[in-house]
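Input: a single structure, listed below in structure tokens.
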Number of protein chains: 2
Amino acid sequence: MGRRRTVSAGEPLIWEDDDSLLVANVIEGVLKLTTSTADGREQIVGVAYPSDFIGRPFGQTSAASVVALTDARVCVFARNDFDRFARDHPELEHKLLERTLAELDRTRAWMVLLGRKSAPEKIATFLLDMSERLADNGCMAHTGPAKHFTLPFSRQQVADLLGLTIETVSRQFTKLKADGVVALPGRRDVEILDRAALQTLAG
Amino acid sequence: MGRRRTVSAGEPLIWEDDDSLLVANVIEGVLKLTTSTADGREQIVGVAYPSDFIGRPFGQTSAASVVALTDARVCVFARNDFDRFARDHPELEHKLLERTLAELDRTRAWMVLLGRKSAPEKIATFLLDMSERLADNGCMAHTGPAKHFTLPFSRQQVADLLGLTIETVSRQFTKLKADGVVALPGRRDVEILDRAALQTLAG
DNA sequence: TCCGATCCTTGACCGAAATCAATCTGGCGG
DNA sequence: CCGCCAGATTGATTTCGGTCAAGGATCGGA
């Protein structure tokens, strides 16, 4: 069915291929979905992990662009083919509906963060979210939230995810380190030292 | 199938009924979907217009609460019944999937507004959005964006939608009026005098 | 028509985060 | 091993929008 493709970190996943739009399934790696304003301010509107579906089947084409954050493997489908196939396979459509509903829930929760939370709350919420998302990367289920993990994001990308500037993100990280809430052994490594404190900060 | 219910303006739509969760279809009126932080800050995460679907079929219950903005009529279903019915009717699931994908797109566009736009940009974007949404309320299709319309929101609710405070919303409205971009004949009435200016402001 | 409640507007002030501007770090190629 | 450079941190300053605090408008009910 779909064709395998590899995308290296930083590379965009092109949505035009043989004049036909694509949809895709993530096999491995992490990708960002972004939308930008006319003057170039960027907002990350979604993050796709393995097994997540990306693209916009049925009609309209979505405005978001997709870029790999880590080296990634995806399984791409020409959209027309996919649409036809989906219509004939209710089980697939059902699965897709469940995933889309779950993604909508997650997106709505993120709206509260963007619209109503302060910078410290945003950072704390982000770290807790990451610690959960990156925990069950492997094959075994529910190992619980990770204490130590490597972010698939640069500081700028964290800023684009939280609706902040890179400087504010950096300052908040520094503050959490100074307060002994987290350790930052490497640029993208986080170790949660005081989860309770983070949860309090997250509000 | 579903039971008709009327909800008057300001009244919440309860999701518990005879120990079974509900899903619903909006027949008439406008409702808000909100999520709040622990300390009571509120964010409107979605707005449901006639023909929109609300609630969370299949598994998890969504965290959002639903309140009618205007008097509304909805058609409610016990979720268990709905789930069973949907699984047996692929056409319904397909329709629901299309709507959910469209809602996800709209929600993602709103994230850019919340995360990256200034107060003037937020207000301008909001007014243009409203002018389009409230245009085809009636039966005829595509009359184009409305020049004059009545908001289904109080100032506080506009603030909750845009991630601002009521004072900032008020000041921005006043400024647009002073600049001759809009007229505000009544508390909730908006007349767009200079659409081009609004579009420029929206960015 | 008057009253009261609620919603909205306006003003003065403050503070959190953005902006502007240097450094600093660490990873990599030569 | 050294120098380079993108990414990250830190500091100084500004600004936008929030907070606090009065008023003013509008609507419904007596």
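Some points to look at:
- Filter result for the condition that a residue is in the same structural domain as residue B:50 (by TED's automatic domain parsing) and assigned to a helix (DSSP H, G or I), over B:167, B:132, B:91: B:91
- Qualifying residue in the stretch B:118-131 (condition: without any contact (Cβ under 8 Å) to a residue 40 or more places away in the chain and either more than 15 Å from the chain's Cα centre (by Cα) or within 17 Å of residue B:41 (Cα to Cα) (or both)): yes
- Test: residue in the stretch A:20-40 that is at pLDDT 95 or above, open to solvent by 20 Å² or more (accessible area, probe 1.4 Å) and outside any strand (DSSP E or B): no
- Of the residues examined, residue A:135 is one that is surrounded by fewer than 17 Cβ atoms within 10 Å (Cβ to Cβ), modelled with pLDDT under 90 and either of a type in the set (Lys, Arg) or in contact with a Pro (Cβ under 7 Å, 6 or more places away or on another chain) (or both).
- Of the listed requirements (1) outside any helix (DSSP H, G or I); (2) at pLDDT 95 or above, residue A:140 misses just one: (2).
- Residue list for the stretch B:166-188, filter: open to solvent by 70 Å² or more (accessible area, probe 1.4 Å) and either under 21 Å from residue A:111 (Cβ atoms) or away from DNA strand D (no atom under 13 Å from the Cβ) (or both): B:178, B:179
- Search result, residues across the stretch A:47-57 that are at pLDDT 95 or above and among the aliphatic types (A, V, I, L, M): A:47, A:48
- When residue B:44 is tested against (1) surrounded by 21 or more Cβ atoms within 10 Å (Cβ to Cβ); (2) more than 10 Å from chain A (Cβ to nearest Cβ); (3) modelled with pLDDT of 90 or more, exactly one condition is not met: (2).
- Selection from the stretch B:41-56 of residues that are more than 22 Å from residue B:162 (Cβ to Cβ) and part of a strand (DSSP E or B): B:53
- Residue within the stretch B:77-86 that is in contact (Cβ under 8 Å) with a residue 12 or more places away in the chain, in contact with a Gly (Cβ under 6 Å, 6 or more places away or on another chain) and more than 18 Å from residue B:103 (Cβ to Cβ) present: yes
- Flag if residue A:197 is within 20 Å of the chain's Cα centre (by Cα) and of a type in the set (A, V, I, L, M, F, W, C): no
- Of the set (1) surrounded by 19 or more Cβ atoms within 10 Å (Cβ to Cβ); (2) within 10 Å of another protein chain (Cβ to nearest Cβ); (3) charged (D, E, K, R), all apply to residue A:98 but (1).
- The listed residue being over 22 Å from residue B:112 (Cβ atoms), facing chain B (nearest Cβ under 10 Å), out of contact with any Lys or Arg (no Cβ under 7 Å at 6 or more places or on another chain) and open to solvent by 60 Å² or more (accessible area, probe 1.4 Å), out of A:91, A:11: A:91
- In the stretch A:142-165, residue farthest from DNA strand C (Cβ to nearest atom) [restricted to those that are under 19 Å from residue B:118 (Cα atoms), surrounded by 17 or more Cβ atoms within 10 Å (Cβ to Cβ) and not aliphatic (A, V, I, L, M)]: A:160
- Failed item, numbered, when residue A:118 is tested on (1) farther than 27 Å from residue A:6 by Cβ; (2) in contact with a helix residue (DSSP H, G or I) (Cβ under 6 Å, 6 or more places away or on another chain); (3) open to solvent by 40 Å² or more (accessible area, probe 1.4 Å); (4) within 16 Å of DNA strand D (Cβ to nearest atom): (2)
- When the stretch A:57-71 is limited to residues that are open to solvent by 20 Å² or more (accessible area, probe 1.4 Å) and not in a strand (DSSP E or B), the one that is farthest from the other protein chains (Cβ to nearest Cβ) turns out to be A:71.
- Among the residues of the stretch A:189-199, some residue qualifies, meaning at least one is open to solvent by 30 Å² or more (accessible area, probe 1.4 Å) and within 11 Å of DNA strand D (Cβ to nearest atom).
- Qualifying residues in the stretch B:74-88 (those that are away from chain A (no Cβ under 14 Å) and either exposed (fewer than 13 other Cβ atoms within 10 Å of the Cβ) or not acidic (Asp, Glu) (or both)) - the one farthest from the chain's Cα centre (by Cα): B:80
The values are calculated or read from the model by the stated rules, or taken from the named source; none is laboratory data. The structure displayed is predicted, hence computed values, not measured ones. Neighbour counts run over all protein chains shown; Cβ positions are idealised from the backbone, glycine included. Remember, those area values only see protein heavy atoms, side chains included, never the ligands or the DNA or RNA. Shrake-Rupley method; radii C 1.70, N 1.55, O 1.52, S 1.80 Å.
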